[in-house]
Amino acid sequence: MKEFVFNSPGEACSLLLGQILGELLEPGDIVALRGELAAGKTLLTRGIAWGLGIPKEVRVTSPTFTLINEYWGRLPLFHLDLYRLSDPEELQSLPWQECLFGNGVAVIEWPERLGGLLPAKRWDIEFSILGEENRQMVIRGLGEHNLARMAKWVETLTEIQTHRVCLP
Amino acid sequence: MVILGVETSCDETAAAVVRDGKEILSGVIASQVPVHAPFGGVVPELASRKHLEYIIPIIEKALFDSGIAAGEIDAVGVTRGPGLVGALLVGLSAAKAMAYALRKPLIGVNHLDGHIEAAFLSENMPQEPFICLVVSGGHTALYKVEPEKGNVLLGATRDDAAGEAFDKVAKILSIGYPGGVAIQNLALGANPKAIHFPRSRFDKDSLEFSFSGLKTAAANFVRSNHLSAEGGKGSESLLKDFAASFQEAVVDVLVEKSILAAKQCGLSSIAAVGGVAANSRLRERLGQAVLAENLHLYLPPVKFCTDNAVMIAAAAYRTWQRLGPQAGMLDIDAFSR
């Protein structure tokens with residue numbers, strides 16, 4: 001299976017999904033989050049941070065203003081938000097390569113701003129707004145290695161979707 | 001004591017020369033430099049590379065405007081963080097180099113302490129400990145300010161900053177940037193109670209903020225009502241009411257929590273600083289609230305609310321007064337948050 005469709009009825013469930021994803025992530029993983037404003041991208045990242053062992057007391061806030069936020073857990077987490085980038089040349093002023101090609105996990109909001117620079121080996125998560133709190137997240141593994149891991153992910157995620165209390 | 005202040009934490013490249021923390025001898029911001037100036041007048045949208053181009057000319061201009069020679073500076077104050085590390089490093093490295101070459105002390109400043117310092121740059125400055133609301137595009141936080149002891153963080157946003165919520169909602173509506181100004185203008189004369197938006201308060205004693213839920217509710221409303229800036233005549237009043245109601249939801253929480261902080265700390269004065277402190281509805285509502293609660297309000301001029309280096313030089317002076325010379329300052333690093 002190449003993708004997994006996760007339907008979240010609300011924030012608590014999206015956080016849980018993020019946390020599970022954070023537990024599955026490996027050094028060097030790149031996660032591209034695609035979705036409009038208020039789709040829940042930063043919220044999912046907060047869950048991923050928890051899954052990476054970043055303490056819950058640490059505020060995982062929007063990186064729109066700072067462009068890149070760093071957190072230190074089981075693995076380093078680089079939370080990038082390229083929303084404010086308008087000119088690809090502006091990328092040169094950011095240490096984005098250090099974030100993407102290091103030994104941590106990079107979560108990127110507005111990855112389309114990277115254009116062709118976005119690595120082919122990555123995870124894509126596409127958000128759709130279904131209702132006030134309902135969100136659909138389609139998770140895709142890209143690249144050979146991630147495709148192979150996807151099977152394992154699907155197993156874990158299916159279990160959550162079926163058994164966890166946060167789902168109706 | 002004359003301090004050269006340097007600020008490069010975000011989009012602005014700024015330098016200033018300030019005597020004894022209050023006498024402003026000069027203040028230069030890259031985005032204010034006239035177009036015909038040798039270094040151009042384009043506002044640097046983003047960060048380090050632009051800062052690198054501007055930093056030396058900006059420092060030179062600040063020194064020139066002040067009439068003080070570089071050798072007559074007593075210390076260099078510089079923003080260490082929070083902010084974008086790549087941007088911060090430009091100002092920090094320039095400041096370190098100057099301090100080293102001039103054999104003068106370097107004083108590292110927290111950007112938020114700089115914002116708070118703006119409260120002391122108004123004509124009638126607070127004389128006693130006070131509550132400071134720092135509210136901008138990147139920050140939303142409440143501090144207890146005791147000039148002699150330093151600033152204590154009481155609460156901050158758990159997700160988006162208030163200014164960011166303004167900007168993003170304005171973006172959804174395509175009504176322009178900066179969002180705070182665009183929404184404030186739309187809201188003029190409209191009904192702030194027309195649409196009910198959620199206010200995140202956590203528990204009743206909490207001084208924490210959250211604006212992400214409000215942003216989502218506003219986005220949902222825009223979508224379900226097909227609201228847009230080009231919506232035609234029929235929807236114009238709804239758009240205005242939407243702007244007023246959204247603004248009210250942000251302002252309500254900012255005002256409530258500021259008053260709550262003053263009560264919890266037993267203080268009778270409140271100051272508001274940062275870019276969003278320029279919002280006229282926030283200023284009006286804070287004014288009404290302090291009157292009702294018998295408190296004092298300090299609102300610095302807007303030019304000191306947004307990012308600048310005058311506040312950094314002033315904060316550096318206060319740090320110096322409090323802590324004196326610190327060892328190893330040339331080894332200090334930038335921090336992102």
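Apply the membrane-span-like helix rule to chain A: whole DSSP H runs, Cα extent along the own long axis of at least 18 Å, mean Kyte-Doolittle hydropathy at least 0.0. List the helices found. Membrane-span-like by this rule: A:11-24.
The C-alpha atoms of chain B define a longest principal axis, and helix B:47-66 lies at about 60 degrees to it.
A crude spin-label estimate for the pair B:Ile56 and B:His226, with each label 7 Å from Cα along the Cβ direction, gives 5.8 nm.
Loop-resident GluC sites (Glu not before Pro) (DSSP state other than H, G, I, E or B) in the range B:157-257 with no more than 13 further Cβ atoms inside 10 Å of their Cβ: B:Glu230.
Calculated over the range B:127-299, the projected area of the Cα convex hull averaged across directions stands at 9.6 nm². Counting GluC sites (Glu not before Pro) as exposed when in a DSSP loop with at most 14 other beta carbons within 10 Å, what is the longest stretch of chain A free of them? Excluding the exposed sites themselves, the longest stretch runs over A:58-131. Accessible area per residue was computed with a 1.4 Å probe on protein heavy atoms; A:Leu82 scores about 0 Å². In vacuum, with every alpha carbon of the range A:97-166 counted as one equal point scatterer, what does the Debye formula give for log10 I(q)/I(0) at q = 0.23 Å⁻¹? Two decimals, please. Computed log10 I(q)/I(0) values: -1.19.
Legend: distances between Cα atoms for A:Lys121/A:Lys152; B:Lys149/B:Lys303; B:Lys96/B:Lys144; A:Lys41/B:Lys96; B:Lys22/B:Lys215; pairs beyond 28 Å are B:Lys96/B:Lys144; A:Lys41/B:Lys96; B:Lys22/B:Lys215.
Sparsely packed loop sites in the range B:130-169 (the trypsin sites (Lys or Arg not before Pro) outside DSSP H, G, I, E and B with at most 14 other Cβ atoms within 10 Å) comprise B:Lys149. For the range B:40-197, the solvent-accessible area of protein heavy atoms averages 40 Å² per residue (probe radius 1.4 Å; ligands and nucleic acids excluded). Treating each Cα of chain B as one equal point scatterer and applying the Debye formula with no solvent, the log10 of I(q)/I(0) at q = 0.08, 0.11, 0.13, 0.14 Å⁻¹ comes out as -0.39, -0.72, -0.97, -1.09. Legend: residues B:Lys303, A:Lys121, sorted from most to least accessible area (1.4 Å probe; ligands, DNA and RNA excluded), read B:Lys303, A:Lys121.
The eigenvalues of the Cα gyration tensor, multiplied by 5 and square-rooted, give the protein assembly as shown an equivalent ellipsoid with semi-axes of 38, 29, 21 Å from largest to smallest.
Relative contact order, whole percent, for chain B stands at 24, derived from Cα pairs under 8 Å and 6 or more residues apart. What's the angle, to the nearest 10 degrees (0 to 90), between helix B:212-224's Cα axis and the longest principal axis of chain B? For B:212-224 against chain B, the angle is about 40 degrees.
Total buried accessible area between A and B, probe 1.4 Å, nearest 100: 2500 Å².
Angle of helix B:236-265 to the longest C-alpha principal axis of chain B, folded into 0 to 90 degrees and rounded to 10: 60°.
For the range A:26-69, a decrease in accessible area of 50 Å² or greater in the assembled protein chains relative to the isolated chain, with a 1.4 Å probe, applies to A:Leu37, A:Ala38, A:Arg59, A:Ser62, A:Phe65, A:Thr66.
The fraction of accessible area contributed by carbon and sulfur in the protein assembly as shown is 53 percent, rounded to a whole number (1.4 Å probe; ligands and nucleic acids excluded).
The values are calculated or read from the model by the stated rules, or taken from the named source; none is laboratory data. All of these numbers come straight from a predicted model, not from anything done at the bench. Every residue, glycine among them, receives a Cβ derived from its backbone with ideal geometry; neighbour counts consider all protein chains shown. Heads up: the accessible areas ignore ligands, DNA and RNA and are worked out on the full protein's heavy atoms, side chains in. Shrake-Rupley method; radii C 1.70, N 1.55, O 1.52, S 1.80 Å.
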